[in-house]
1. Are there any pairs, at least 6 apart or on different chains, whose C-beta atoms fall under 8 Å, with the first in segment 477-494 and at pLDDT 85 or above and the second of a type in the set (S, T, N, Q), and if so, which?
2. Kindly check whether there is at least one residue in segment 449-463 that is in contact with a strand residue (DSSP E or B) (Cβ under 8 Å, 6 or more places away or on another chain), loosely packed, with under 11 Cβ neighbours inside 10 Å and assigned to a strand (DSSP E or B).
3. Across segment 52-90, what is the number of residues that are farther than 28 Å from G19 by Cα and of a type in the set (D, E, K, R)?
4. Just to be sure I understand the filter: pairs with C-beta atoms under 7 Å, separated by 6 or more residues or on different chains, first member in segment 60-89 and part of a loop (DSSP other than H, G, I, E, B), second member of a type in the set (D, E, K, R). Which pairs pass?
5. Tell me the residue from S114, S152 that is under 23 Å from F257 (Cα atoms), part of a helix (DSSP H, G or I) and not hydrophobic (A, V, I, L, M, F, W, C), please.
6. Report the residue count in segment 3-43 for those that are in contact with a helix residue (DSSP H, G or I) (Cβ under 8 Å, 6 or more places away or on another chain), assigned to a strand (DSSP E or B) and more than 27 Å from Y407 (Cα to Cα).
7. Being closer than 30 Å to Y105 by Cβ, at pLDDT 90 or above and surrounded by fewer than 11 Cβ atoms within 10 Å (Cβ to Cβ) is the requirement here; does R159 meet it?
8. For residues that are in contact with a strand residue (DSSP E or B) (Cβ under 7 Å, 6 or more places away or on another chain) and surrounded by fewer than 19 Cβ atoms within 10 Å (Cβ to Cβ), tally how many sit in segment 62-119.
Amino acid sequence: MIDDQVKIHNKFSVELKLGFTTRRKQKRNDFVVNTWIFIPNSLDINPYTYEKKDFYKDLKSNIRLITPVYLLRDIIQDSNSPINLLETALNTVASDPSRTNINKYEYHIKMFVSIVKSAIRNETNHILSNKIDEDKDFLIDTFVSNIRKLTSSYRDLRRIINVPTIETNLLNFYHFGDIFMSNLIEQHAFRLLDNLSHTDKRKQSPARNLLIQLIKKERGYKTSKDIPITENQKARKNRELVYQFNLLKKYAENVLFLTTRRKKDGILKEQIFLSLAAGISMVFATAIAFSFQKTYGNFTMPFFVALVVSYMLKDRIKELGRYYFAHKLGKSYFDHKTHIALNNNNIGWSKEAVDFIPEKNTPEEVIRIRNRSAILEADNRNNNEKILLYRKRVRLNRRNLDKCGDYQVTGIHDILRFNVFNFTQKMDNPEVPLYSLGQNNEVIRLKGEKIYYLNLIIQFRFEEQLEYRRYRLVLNRSGIKQVESLHKPKSQAF
């Protein structure tokens, strides 16, 4: 199964998060993702102005394991829960701080806080999407209760490793997890509180009071441990706090990131085909030389002219052959092949390629989903959209995924971040003057926003499943304004 999520990452970057979930009983799992990017002709993005190397400079990929999914309440309740696995690792390293046990101790701390992060985010999003006030009060009450149990359980474990065998640098691993978890709790509690201030008309609702108490408790705990907190009118301190939080985030989540090794795909076959082109040109030149030599003999003017002409044609035939084979090769092979591994455990590989393609080579279903308006279709005859096809193929080994740690891993996330700054270089000014009439027929000058659209049609293939998604990026010279999801277009859109 393939999951997708598209959102704005920053002013000029869009993030496409692909989740490749494997089947447990299937050793080899193959996934295919094809993305057609429809680019307005006015942006002057074409094979001559935007080459493959430019695309890959704008594309950043991070491949990581899918975080094991737990409900917040299950993290501390089940017998085989993350808190119990962490407690076992702490007891083991306290008794025997060997290199293996230290690595496992750090691994379980990182996995624990990563699981907590995912669970808190999922439950917060669930609460925010809930439309029933009574249920929202109950959900927030349960959320706060589970958070209190979770933090209490984790912080009680400190006594296990506060022993002479554990050095300060090892104890710091535990504290990093504590700070990261506390920051997460405060951040998501503020999200819920901010949402209630806009949606709940009650000024003193029980849910609001619970969240305020939770925030104050976490901030008080951090103050007692000399952990910095956000403060009003302290820009420099808050800046350092953001930097520290990002460091903790990278430290905690690097346990999920996989080792990747990229190389050019199909190198051996490419060299064989190119050698074949060189051989064909050499056969032609040699045949001409032998023919004229037999007819006119050595050291004659016709033989000399034949040698020069055959040499000239040989180079041209060689280059034409190289072009032909490279073109044919490009249809069957990819630009890069990335090997994916964790601790020398090969999980699988990912291949990718990008090319501009003519509309006649674009599947009819993709054009139908693109759903151009009548005026755009008419304009497209003269100023046709450019179509950039990004192909990705992923193969995962289910058995090797099961060897990635003590937690059951279902697959990987490939997080693609695409920077569109190069697409904005030839855009017009983001504001255009507009006019209107006031109540006394006076002229009112307005500011209109000039925008452009990038349409993305994404095709997902896994086994017999075939799905399409359509997204539209709204952007102008100032950056990305919006990402629209248009999976089932009901009417034509520009």
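The values are calculated or read from the model by the stated rules, or taken from the named source; none is laboratory data. Quick caveat: nothing in here was measured; it's all calculated off a predicted structure. For neighbour counting, all protein chains shown are included, and Cβ atoms are generated from backbone atoms with ideal geometry for every residue, glycine included.
1. Taking only residues 6 or more apart or on different chains, the pairs are R477/T424; R477/N429; G479/T424; I480/S13.
2. The answer is no, given that none of the residues of segment 449-463 is in contact with a strand residue (DSSP E or B) (Cβ under 8 Å, 6 or more places away or on another chain), loosely packed, with under 11 Cβ neighbours inside 10 Å and assigned to a strand (DSSP E or B).
3. Residues meeting the conditions: 1.
4. Close Cβ pairs (under 7 Å, with a partner that is of a type in the set (D, E, K, R)) amount to I76/K149; S81/D74.
5. Residue meeting the stated conditions: S114.
6. 3
7. Working: closer than 30 Å to Y105 by Cβ: yes; at pLDDT 90 or above: yes; surrounded by fewer than 11 Cβ atoms within 10 Å (Cβ to Cβ): yes.
So R159 passes the test.
8. Within segment 62-119, the first condition is being in contact with a strand residue (DSSP E or B) (Cβ under 7 Å, 6 or more places away or on another chain), and the residues that meet it are 62-66.
With the extra rule that they be surrounded by fewer than 19 Cβ atoms within 10 Å (Cβ to Cβ), the set shrinks to 62, 64, 66.
The number of residues fulfilling the criteria is 3.
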